[in-house]
Amino acid sequence: MCTTPLVTVFGERTVLLGFGSLRTCWIGLLLTAGPDTVGLVMIVTAETLLLVCAGVFNPVFTTYRMNRIADDHMARVGAAWSISAKSFQPAFIALGGFIAAATSIRVAIGCAAVALLASSLLLPWRKVHVWECRGWLRASRDRPREGDARCRLGGGDGCAVDGLEIEWRWRATGVVMGRESGVGVVVDLVEPGVRTLRALADGDVVAATQESGLPISAYLTTAEHRPTWALRYEQVLADSAVAAWTTHVVYDPLRGVCVGCAGYHGPPDRRGMVEVGYAIDPRFRRRGYARAALVALLERAAGEPGVRVVRASVGPENQPSLALIGQYGFVRVGIQLDRVDGAEVVFEVGAGMGRAR
């Protein structure tokens, strides 16, 4: 019950690493427990803390793992995970019994404590991004290049696998608790390829859906958004490296719907500043999607060494967005005049400092 609120406040990565490490600490307390009331209290405390930390860690880790597995590999990975867990657990129990019989119970518990502490080193401490290539994912800091073990770059903006022209897309995930619905919200921010951007700019929903593999909604091709897609198309066409720093499609993988768009206005400038923006389909507003998209953008910015400041520009009448960014530490720094939207209030927050208040 407390997992989603913790992820909302601290972010998925912090909870994953924090509770993944904490769950390994408590077995050591059993070594100091004596045959008395104090010892019993220590045992109960250690077991309770272990269960609480594992209870928070397990669903977060499951979500983390699922978000980094391609859909067509999900069943096989799930089966392999289940088989390995059911095989290794009794094997380690038997090993613990053997060590206890050969030495003592305390030595066996000590070995278990050391093994658990060492397991925290296997957590994903290195910050990576997820790249998607038509049905399978790869975690990497950089956009995959020619010579990748699974993909050969072809002509144009895509790569060729089995004769198909496909595109690399950056994907980020945001997980929050919907303030209005009280239900957990998961969104993927999926980078549209250059052909998808062209289709969106042309207002061609069918072509955008075919190129992206996502159920593109008519909202994304309205007159409000087509100029933005056209601008992003020109940016990516001029320099494909900026694709991950432009506007993305906000996709709900649990419900299988595209609910809006969100992303950055461009790569970090000389000051290390990136500007974020988001727009949610009116049909899906007040469900936590904007919050989840903002969380994904802030977490990505926090993991980039070249980003020091995150900016958001909001119209003075846009009370929902003003309230949302106010909850993530943004501070007003000035006013700017946008050619399309008119006067906007400019807010900024340090990268890594954008946490829910």
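Between PHE98 and ALA223, what's the calculated FRET efficiency when r is the beta-carbon distance and R0 is 51 Å? Round to 0.05.
With a Förster radius of 51 Å, E is 0.10.
Using the Karplus curve 6.51 cos²θ - 1.76 cosθ + 1.60 with θ = phi - 60°, work out ³J(HN,Hα) for each residue of segment 92-107 in order, rounded to whole Hz, and write x for Gly and Pro.
Each residue's phi maps through the Karplus curve to give 6, 4, 5, 4, x, x, 5, 5, 5, 5, 7, 10, 7, 5, 5, 5 Hz.
Normalise the Cα radius of gyration of segment 263-329 by 2.2 N^0.38 Å (N = residues in it) and let me know the number.
Rg over 2.2 N^0.38 Å, computed on Cα atoms: 1.14.
For VAL185, which sequence-distant residues (separation of 5 or more, or a different chain) have an amide H within less than 5 Å of its own amide H, given hydrogens modelled in the peptide plane?
Excluding prolines and chain starts, which carry no amide H, the hits are VAL176, MET177, GLY178.
List, in order, the whole-Hz ³J(HN,Hα) value for each residue of segment 22-35 obtained from phi through the Karplus relation with A = 6.51, B = -1.76, C = 1.60 and θ = phi - 60°; use x for Gly and Pro.
Once rounded to whole Hz, the list reads 4, 5, 8, 8, 8, 4, x, 5, 5, 5, 9, 6, x, x.
Can you give the Rg/Rh ratio of segment 185-309, where Rg is from the C-alpha atoms and Rh is the Kirkwood radius?
0.95
Taking R0 as 30 Å, what's the FRET efficiency between ALA230 and VAL257 from their Cβ-Cβ distance, rounded to 0.05?
Approximately 0.80, to the nearest 0.05.
Go through 24-31, 307-314 and give me the packing order, highest mean Cβ count within 10 Å leading.
With the highest mean Cβ count within 10 Å placed first, the list reads 307-314, 24-31.
How much net charge surrounds VAL274 when only the other residues with a Cβ under 11 Å from the Cβ of VAL274 are counted, with Lys and Arg +1 and Asp and Glu -1?
0
So what are the three principal axis dimensions of segment 3-122 from its Cα atoms, in whole Å, longest to shortest?
Here the Cα extents, ordered largest to smallest, are 50, 34, 20 Å.
Values in this text are rule-based calculations from the coordinates and carry no lab data. As the structure is a computational prediction, the values presented were derived from the model and not from experiment. Virtual Cβ from ideal backbone geometry, glycine too; neighbours counted across all protein chains shown.
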